[in-house]
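The block underneath contains the structure these notes are about, expressed in C-alpha cells.
We did not get these values from a lab; they are worked out from the coordinates using the rules stated. As the structure is a computational prediction, the values presented were derived from the model and not from experiment. Backbone-built Cβ (ideal geometry, glycine too); neighbour counts: all protein chains shown.
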Amino acid sequence: MSSTDAYITGIGQSEVGMKLPRAPLLLTLDAVREALADAGLDISQIDGVSTYPGRVPQMLGFSPVGADELIDALGIRATWYAGGGEISSQLGAVVAAATAVKAGLARHVICFRTVYEAGAMANPDEYPMSRRDRVDGASQWTAPFNALSAACWVAQYAMRHVKRYGMTREQLAQIALTGRAHARLNPRAMVREPLSMDEYMAARLISTPLCLFDCDRYTDASTVLIVSAGDALGDVTCTPVRLAAMAGSVERHSWDQAEWMANYPTGADLWKQTDYTPADVDTVQLYDGFSFLALTWLEALGFCEVGEGGQFIEGGKRIALDGELPLNTFGGQLGAGRLHGFGFAHESVVQLRGQGGERQIPGDPRVAVATSGGGPLATALLLARD
Amino acid sequence: MAGHRALPRLDSQNRAFWTGGAEGELRIMHCADCDGYIHPPRPICRHCLSEQVAPRAVSGTGVIDTFTVNHQKWHPAMEVPFVLARVALDDAPGVYLTTNIINCDVEAVDIGDRVRVVFEQQDDVYLPLFERIES
C-alpha cells in the first residue's frame, strides 16, 4: 500500500517558557495531546514517531526526549520510527516521516522536537552537562580558538554580507524587530515585549555584526506535528496541509570548510520539486535561531537576489503581517522562543488554516514555506492547503 | 589573547595537524595521486578517494576569507574582544582554518588581509594562530 502525498494533520505545542517546572517528557505529552485533539486522532491510531536529534545524553537540555522513550512512555505501537541528529537539520525529521507515510510504512506519525535548555541550566543535578578534558569531532576545529557558539560561526557568514554586499545592522534588525512585533500577538510567545530600532542598535554586541537581539534564547517547550498519509486523511477531522515539496542538504557538515551555506542549494532544490513558484507563496516561516539565517533564506528561496536580502527587508514593511511576504508571523525563535525548527512548520499550518487569531495574515493564504537550519545543514518545506 | 582554551584530543588522524607547530610546520593532509588537500584530516582523499594521503607542510600564509570580532564572554576566564577568522591557505586550495588573528588591534582586521601562521603551544598542542602581514 502506498499513497502519493503526505500531509501535516494535527499540530500541538506545550507551554513555552524558561525554567518551566514541568518535566520535558510531560511537555512532550502536552504537545502530543493537543495535536491528537486537533487532528481528531486517538493515540492508538499513531503508528510512527520521528524526531530530531534524538535523546542527547551529554546535553540533555538540548534534547531530553528521544523517540524510543516517547514510544514506550505513551504505549505507541510503531511500525516505523526514527530519531537522530545526522539528518539535514530539525525539519529533516518531518521529511523522514513524510517519506515513510508515502512508502506505506506508517499512516500517522508523531513528529516532535522537545527543548529544555533553560530548565536544564537551572537544574544541573537532574540534567548534568558532561565536561570532557579535551574536545574532539567537529568541535576540535573551532573550540580551541574560542569559537564556542554558533553565534561566532554565523557571524562570520554575516560579515561576508556586510563586506561584500553592504548589509547594514539597520537592515538585519528587521528580522528581530518583525519577530518581536509578531510575538506580541502570539499568546504562547516567550518574549512579548516590543523591540525598537533604538534598543536594537544600542544592544551589546555578541560577535560582530550580531548583537544580543540577533540570537535566540534558551527555551523550554515541545512542538508536535502529525504527518499523515494521503490515504489516511479520512481518519482526521482537521484541515490537512499538504507537504507539496521538500528539500534538504548538507555542506561539508562543517561551519568552516563549507564554501557557502546549505540553505542556498536547498532553496533552489525546493522549486525543482513543484510547479509552485516563489510568487505563489503567501507567508514564509524561516529559521531565525540567528537573524541572519532568515535573511539568507529569503535569498536562497529566490524571493530576492543573492546579496539583496538586506535591501529586501529594509524598513520591515514587506515582511510585516500586512506586507507582501509576511515573515515569522508567530514571532520566530527570536520572539516566540527557541522551538528549534518545528515552530516554523507549526505556524505555517496555523496560517494556512486561518487560525492565527490576532496574528492571522489577511486574505486566503494557501501556500507557505517553512525552513530549518541554514548553515551547514538545511531543510525547506513547501506547504499547501488544497 | 591568553587564557583558557579548550584543547583537542589528539588521535592518529589529527596529531600531525595539532603538533606540527613543534617543528614550526603547518601540516595539511595531501593526496599524492591528485595533489589535492584534505581537511579535516582523514585517511582518504575526498577529491579522488585515494588512500595515498599524508600530512604535508604548507607555507603557513593565507588570506582572511571572513572574520568576526567576538565580544561575548562564553566563559568567565575569556578575554574579550578578540578576532575569530576563517583563513584560506595560500597553497592548500579549498582548505580553511578557523583561527584567531593576533598581535593587532581588533578593529584593524578586514576580509582579504594577508596573514601568516604563529603557533601557540598549550600542553602538547600547537595552535595555529595567525597575524597580519603588514604591507
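Derived scalar couplings between HN and Hα for region A:15-32 equal 3, 10, x, 10, 6, 5, x, 6, 5, x, 5, 6, 4, 5, 4, 4, 5, 4 Hz in order, rounded to whole Hz, by the Karplus curve 6.51 cos²θ - 1.76 cosθ + 1.60 (θ = phi - 60°), x for Gly and Pro.
Along its first, second and third principal axes, ordered by size, region A:238-386 spans 43, 32, 27 Å in Cα coordinates. Treat region B:15-132 as a sphere of radius equal to its Kirkwood radius over Cα pairs and apply Stokes-Einstein at 25 °C in a medium of 0.890 mPa s; give the translational diffusion coefficient in µm²/s, rounded to a whole number. For the chosen part, D equals 163 µm²/s.
Annotation: amide H-H contacts under 5 Å for A:Arg113 (H modelled 1.01 Å from N, sequence separation of 5 or more, or interchain): A:Thr223. Averaged over peptide B:97-104, the number of partner chain Cβ atoms lying within 10 Å of each residue's Cβ comes to 3.
Each Lys and Arg adds +1 at its Cβ and each Asp and Glu adds -1 at its Cβ; summed about the Cα centre, chain B shows a dipole of about 380 debye. When chain B is modelled as a GNM with alpha-carbon springs shorter than 10 Å, which of B:Pro93, B:Pro41, B:Pro76 fluctuates the most? Looking only at B:Pro93, B:Pro41, B:Pro76, the largest GNM fluctuation is found for B:Pro76. Between B:Thr61 and A:Lys163, the modelled label-to-label distance comes to 1.8 nm, taking each label 7 Å out from Cα in the direction of the beta carbon.
Listed peptides B:43-50, A:233-240, A:143-150 appear in the order A:143-150, A:233-240, B:43-50 once ranked by packing, highest mean of other Cβ atoms within 10 Å at the front. Within 10 Å of the Cβ of each residue in B:68-79, the mean number of Cβ atoms contributed by other protein chains is 6.
Each residue of region A:234-241 was assigned a 3J(HN,Hα) from its phi angle through the Karplus curve 6.51 cos²θ - 1.76 cosθ + 1.60 (θ = phi - 60°); the sequence is x, 7, 10, 10, 8, 7, x, 10 Hz, with glycine and proline shown as x. Scanning residues 5 or more positions from B:Leu7 or on other chains, those with amide H under 5 Å from its amide H are A:Val135, with H placed 1.01 Å from N in the peptide plane.
All C-alpha to C-alpha distances of the protein assembly as shown, sorted into 20 Å bins beginning at zero, yield P(r) values of 23, 53, 23, 1 percent in whole numbers. The Rg/Rh ratio of region A:42-189, with both radii computed over alpha carbons and Rh defined as the Kirkwood radius, is 1.05. The alpha-carbon positions of region A:90-159 define a convex hull whose volume is 182 Å³ per residue.
Comparing B:Ala32, B:Ala77, B:Ala22 in a Gaussian network model of chain B, where Cα atoms under 10 Å apart are tied by springs, the biggest mean-square fluctuation is seen for B:Ala77.
How much net charge surrounds A:Phe312 when only the other residues with a Cβ under 13 Å from the Cβ of A:Phe312 are counted, with Lys and Arg +1 and Asp and Glu -1? Here the count lands on -3. Summing charges over all other residues whose Cβ lies under 14 Å from the Cβ of A:Arg169, with Lys and Arg as +1 and Asp and Glu as -1, gives -3. Phi angles of region A:98-114 translate, via the Karplus equation with coefficients 6.51, -1.76, 1.60 and θ = phi - 60°, into HN-Hα couplings of 4, 4, 5, 6, 5, 7, x, 7, 7, 10, 10, 10, 7, 9, 9, 9, 10 Hz per residue; Gly and Pro are given as x. Within the protein assembly as shown, the cysteines lacking any other cysteine Cβ closer than 4.7 Å to their own Cβ are A:Cys111, A:Cys152, A:Cys211, A:Cys215, A:Cys238, A:Cys304, B:Cys104. What is the sum of charges around A:Lys102, taking Lys and Arg as +1, Asp and Glu as -1, for the other residues whose C-beta is under 13 Å from the C-beta of A:Lys102? With Lys, Arg at +1 and Asp, Glu at -1, the net is 0.
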